[in-house]
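A.B. asks: Structure incoming, see below.
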Amino acid sequence: MPQLYEKYGKEKVDEAISFLTYRHTTPLPKDEPLDTPILYVFRHGQSQDNLDLLFSGWRDVDLTDEGVEQAEVLAEKLADKKIQMLISSDQKRTYKTMQIAMSKNLHAQGLETILDKRLRERSYGDWQGTSKLVMQLEDPKGLAEVRRGWKKPAPNGESLVDVNKRVNELLDEIIPQMKEHKINVAIACSSNSIRPIRKRFENLSEDEAANIETQLAQDYAAYPIK
């Protein structure tokens with residue numbers, strides 16, 4: 001950080017850090033009518049790459065201590081939900097969040113967590129492991145076009161169009177099962193793999209879905225499957 005302050009100035013660096021920190025998260029909808037299958041969805045807790053402001057993508061990083069605490073808050077909120085199926089990305093930060101989130105839920109005890117690569121965070125290709133902060137300082141427009149654009153990928157990475165396709169393939173498999181067997185499902189995913197889910201169930205436009213911010217763990221969305 002001292003080197004960045006020296007190169008770009010403290011005010012500019014602090015402004016970039018503030019911009020990249022999730023502060024304007026939107027409330028997660030909760031519609032949980034009785035006798036209707038419910039899809040519970042949440043984002044993983046803070047990872048080390050979140051803390052370090054790095055492009056994480058398909059890097060398999062763990063939760064920070066704060067990320068664990070965030071998932072523990074979520075566990076309290078989900079403790080009494082009747083959940084019969086658990087699905088998570090195969091990435092460590094997401095799977096660990098699911099484990100913690102279900103730790104107080106007696107209905108979910110003994111359930112195997114299904115790991116599905118289609119719930120992975122968006123691949124950032126050549127950007128993975130690099131600094132969002134440095135890119136925000138040097139090319140904020142180019143960064144925004146990828147991070148908050150629906151169609152533009154990072155070099156050798158995925159666009160949100162790609163993520164939308166794979167996440168919806170999973171949803172198209174799960175929803176008929178929920179209806180047929182009348183089961184509630186919990187899904188643990190990431191910042192960008194939750195966007196297609198929110199787009200689908202909250203009727204968001206591509207631009208709205210690309211720009212919406214979901215807080216790290218701590219809370220959940222509940223969507224009735226009718």
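What follows draws every value from the coordinates through simple rules; no lab data is involved. Only a predicted model underlies this, so the values are computations on that prediction, with no experimental measurement involved. Every residue, glycine as well, gets a Cβ built from its backbone with ideal geometry; the counts of neighbours run over all protein chains shown.
A.B. asks: What list of ³J(HN,Hα) couplings, whole Hz, do you get for the stretch 161-167 from phi and the Karplus terms 6.51, -1.76, 1.60, once you set θ to phi - 60° and write x for glycine and proline?
C.D. replies: 4, 5, 5, 4, 5, 6, 5
A.B. asks: Further question on the same structure: Of [x] 28, 20, 15; [y] 40, 20, 17; [z] 32, 19, 15, which one was derived for semi-axes √(5λ) of the Cα gyration tensor in Å from the structure shown?
C.D. replies: Computing semi-axes √(5λ) of the Cα gyration tensor in Å and matching it to [x] 28, 20, 15; [y] 40, 20, 17; [z] 32, 19, 15 gives [z].
A.B. asks: Right, something else. Can you list residues from other chains, or at least 5 along the same chain, whose modelled amide H is less than 5 Å from the amide H of residue 47?
C.D. replies: Hits under the 5 Å cutoff: 64.
A.B. asks: Would you mind checking the tilt of helix 65-78 against the longest principal axis of the Cα atoms of the chain, expressed as 0 to 90 degrees and rounded to 10?
C.D. replies: It works out to around 30 degrees.
A.B. asks: Where in the stretch 141-223 are there GluC sites (Glu not before Pro) that are in a DSSP coil and have at most 14 other Cβ atoms within 10 angstrom of their Cβ? Present the calculation step by step, with values, prior to reporting the outcome.
C.D. replies: On the way: sites: 145, 158, 169, 173, 180, 202, 206, 208, 213; in loops: 158, 213.
Of the GluC sites (Glu not before Pro), the ones in loops of the stretch 141-223 whose Cβ has at most 14 other Cβ atoms within 10 Å are 213.
A.B. asks: Under a crude label model (7 Å from the Cα following the beta-carbon direction), how far is residue 204 from residue 48 in nanometres?
C.D. replies: 2.9
A.B. asks: Return the sequence-ordered ³J(HN,Hα) values of the stretch 171-177 in whole Hz as given by the Karplus equation 6.51 cos²θ - 1.76 cosθ + 1.60 applied to θ = phi - 60°, using x for Gly and Pro.
C.D. replies: 4, 5, 7, 7, 4, x, 5
A.B. asks: Given the C-alpha centroids of the stretch 1-65 and the stretch 126-195, what is the distance between them in whole angstrom?
C.D. replies: What the calculation gives is 13 Å, centre to centre.
A.B. asks: Can you give the charge dipole size of the stretch 2-224 about its Cα centre, rounded to the nearest 20 debye, using +1 on the beta carbon of Lys and Arg and -1 on the beta carbon of Asp and Glu?
C.D. replies: Numbers: 32 positive and 37 negative charges, 70 e Å.
Computed about the Cα centre, the dipole is about 340 debye.
A.B. asks: Residue by residue, what Karplus-based ³J(HN,Hα) values in Hz, rounded to whole numbers, does the stretch 189-201 have, using 6.51, -1.76 and 1.60 with θ = phi - 60° and x for Gly and Pro?
C.D. replies: For the stretch 189-201, the Karplus-derived couplings read 9, 10, 3, 8, 7, 7, 4, x, 5, 5, 4, 5, 8 Hz, x marking Gly and Pro.
A.B. asks: I'd like to know which of 144, 155, 102 lies farthest towards the positive end of the charge dipole of the stretch 73-183, counting +1 on Cβ of Lys and Arg and -1 on Cβ of Asp and Glu.
C.D. replies: 102
A.B. asks: Could you tell me which trypsin sites (Lys or Arg not before Pro) in the stretch 113-215 are loop residues by DSSP with no more than 12 other beta carbons within 10 angstrom of their beta carbon?
C.D. replies: 151, 182
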